Each structure stands twice: as structure tokens, then as C-alpha cells.
Amino acid sequence: MKKPKLKKLDVALIIIFFALAAINALSWLSTPFSDFYVQKIYPIYSAVPVFIAGLFPFSVGEIMIILFVAAVLIGIPGVIIYALVKRSAPEKSKKALAAAVRLLCLVFVYVFATETLGCFVMYHCSKFSDRYFKPVEHSEELLLDTLSAVSVRISELCGEFDRDPDGYIVLPDDPADDCREAMRALSADYSQLKGWFPRPKKIMNSFFMSQEGIIGLYIPFAFEATYNRDIQPIAAPATICHELAHLKGIIQEDEASFVAIMACLRCGTDELKYSACLDAFYYLYVNALELRGTDYEERLWQSVAPVPKQVWDNDLGSYTADYWEKNQHKEVIPTETVSAISEKLTDANLTLNGVSDGINAYNRVVELLMDYYGNGGEF
Ligand SMILES: [Zn+2]
């Protein structure tokens, strides 16, 4: 029997695969390796592809996903039909099958490479709080003091904006460039943010993204920061900066949210500051709700008392109240199904990357906010 011959491309793919596996193993075993990679290698590796991806006004990653789904839906039946038609010439159908498998391997190795180098390794870096903050006790008092400080800031800022007849904030301009500038300015404090920021891209199929419960998405295989174009405008700045933080190798969800809040708060316009405060408030408040039924309950309600009704009614949601009803016609797969699958996938991705609390990692931004406030920071 003739042994199947490996082509040069096959050998290259196998070598690259094992090299990537070794990089992943090393990152799990050594925090200094991961830190060195993120600080010294990743900026060089990512600079050119991020710049090239930034030249496109649309999300290249979204197009890649659509093409992949279409290729799978058309390609698999196509290869089967071809093999059946060419039954009399088994060599030809064998060749077609080999080409399809090779293409699939190529795509797999490309995604594995870009995920490893732009995402997986970063999960094993040293913690942000260890690098930048003196340890503080995450007490109930500190949580409520931090929540209280954000509530006061919200009450000061919420009257500063134009609103539509339904009470939703209307932003005068697209905040994307202000976000890029705010992130660049924050690089003076956090060196990992140094360098150029591309314009974040709006996703065309944003309703599907909404169904998944996703408001922003970093796409390592396309070197892009993207976001959901359907979110209400005031939610955009904090979301955009979160995704731009991922693009700079800050991969942990809580750390990306914290950096986004800091960039908007300290270097941004009033719109950016308010967006950051709303994001911080959301996480702090949800966390503080755990204090209901304890001795701290009264202080909890006092902490949020400065927040005006309009903020609760209009500003805190990612979408306007009529969004789901207005877009019902776009629902191909039921939202509950899409959302449940998406949550499971996000949770699995985080857990596989060593984030022990999975999807709850997003909430850990509360600890960073307390570290910041406990170390004398202001909102
Ligand atoms: Zn994220």
C-alpha cells in the first residue's frame, strides 16, 4: 500500500502547531515568560497587522466569520457531492478531499496562531492589581464608599447632555476618536497601552450580537476591536475602550474594563467620563446588592440615593427600552437559545484559559475599582 506523502505545507503546519502548543504550555508554566511576551514581543507582532486591519472601514473579522460559515455550509455538501459524482475516478475525489482537509487545517492553524499570540498567552500574565496597587481590604465599607463616590459623580454629570424626546442621551459626535485619544493619553500611566490605536469598528450584524448579549468584541484573528452598533450612544465609549484595551494585550475582562473606565474618566470628554461612571456604577451596584438583608442594607440605599431617576430609567441600560420590540423581525434563532449558547461558550473559553471563575470574571472589576478608590483615586 502506498503511504500518503506529506507536502511541504503539511510539514510546516505540523511544526507551527507544535511550536504554538509549546508557547501555550510555557505561558501556563511561567508568568515572567507571559509578561515578557506581552511587553516586548506582542507589540512588535501586532503592530503591522493591527495597522493593516485598521485601513478597512468595516470589520474584516466579521467578513471572515461569514465566509467561514458559508464555506462550511457550502463546502461540506460540495465535497460529498463531488466524491459521489466522481465515484468512477476515486483518485480525483481523494484529491478533492485532501485539498479540503488541508484548507481546514490551514484555517485551524491560522486561528490557533492568532488566538495564542493575541489572546491565550495574555491570560497568564501577572495581575494588574499586583503591578499597580498597594493591597487594600475589600471590605463592605470600601465597596459602599466606592459606590457612593461614583453615584455622586453620576449625579453631577447626568444633566450635561442633550437628550431625545424619550430621554436618551444624544452624542454630538461619534466618540471613537475621543476614545482612541483617551487610551493613548492613559499610556503615560500604563505603558502597555503605548502605540497606535485603530478606529474601532461597528459590527454589521449587531442584532445577532445583541442576542448573544455581546456589546463589544475583540477579534484576535482579524486584529480588530469591534462593537455593537445598536447599543445606546452613551454606552459606547466604555465599550470601545474595553475592546481597545484587549487589542493592547490586556486580555482579562476585569482589567480591560478597569483600563477603559480609567481612560474615559481621566483623559476623556464629559461623554466619556459619564460612560465610564455608568459602567463602574453598574458593576459596583450589582455587587453591592448582595448586601440586601444585612446590616449594610441601609447604607447601600444611601450610597445610591444621589442617582437621579432619569439615570435609572434611561442611562444604565445598554439598549433603549423599545430595542427588542423594534427589532423582533430580525430574530431568526430565538434570543434565549443564542444567548444561552453564547454564555456557555464565553464561560468555556475563559475557564479553558485558566480563568477559574469563568464568566463571573467580568465582575472582578469591582475589586480593581475598590483598589483604585482605596489607594486614593477619584471618580
Ligand atoms: Zn472583553
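Structural remarks
- For the chain, a Gaussian network of Cα nodes joined below 10 Å ranks Gly61, Gly354, Gly75 by mean-square fluctuation, and the top entry is Gly75.
- Sequence-separation-based contact order of the chain, relative, with Cα cut under 8 Å and 6+ spacing, percent: 21 percent
- Cross-link table Lys7/Lys201; Lys194/Lys309; Lys201/Lys326; Lys202/Lys309; Lys201/Lys330, entries beyond 28 Å C-alpha to C-alpha: Lys7/Lys201; Lys194/Lys309; Lys202/Lys309
- When the C-alpha to C-alpha distance is required to be over 23 Å, the pairs from Lys8/Lys95; Lys134/Lys344; Lys5/Lys92 that qualify are Lys134/Lys344.
- Residue-averaged [θ]222 nm for the chain, counting only DSSP H segments that reach four residues, each worth -39500 (n - 2.57): -18500 deg cm²/dmol
- Most mobile of Pro43, Pro90, Pro233 in a GNM of the chain (Cα contacts under 10 Å): Pro90
- With N counted as the residues of the chain, its alpha-carbon radius of gyration over 2.2 N^0.38 Å works out to 1.12.
- Hits among aspartates and glutamates - C-alpha to C-alpha of Lys94 under 18 Å, sequence gap 8 or more where chains match: Asp10
- Here the residues Ser148, Ser93, Ser257, Ser139, ranked from fewest to most Cβ neighbours within 10 Å of their Cβ, fall in the order Ser139, Ser93, Ser148, Ser257.
- Computed from Cα atoms, the angle from the helix 90-115 axis to the main principal axis of the chain rounds to 30 degrees.
- In percent, rounded to a whole number, the relative contact order of region 225-356 is 20, using alpha-carbon pairs under 8 Å and six or more apart.
- Going from the fewest other Cβ atoms within 10 Å to the most, the residues Trp324, Trp196 appear in the order Trp196, Trp324.
- Residue exposure proxy: Leu84, Leu244, Leu20, ordered by other Cβ atoms within 10 angstrom of their Cβ from fewest to most, comes out as Leu84, Leu20, Leu244.
- Most mobile of Ala260, Ala182, Ala70 in a GNM of the chain (Cα contacts under 10 Å): Ala70
- Taking the Cα centre of the chain as reference, the dipole from Cβ charges on Lys and Arg (+1) and Asp and Glu (-1) amounts to some 3380 debye.
Values quoted throughout were computed directly from the atomic coordinates according to the rules given, and no laboratory measurement underlies them. Keep in mind the model is a prediction, meaning the values are calculated, not measured. Here the Cβ is made from the backbone with ideal geometry for all residues, glycine too, and neighbour counts use every protein chain on show.
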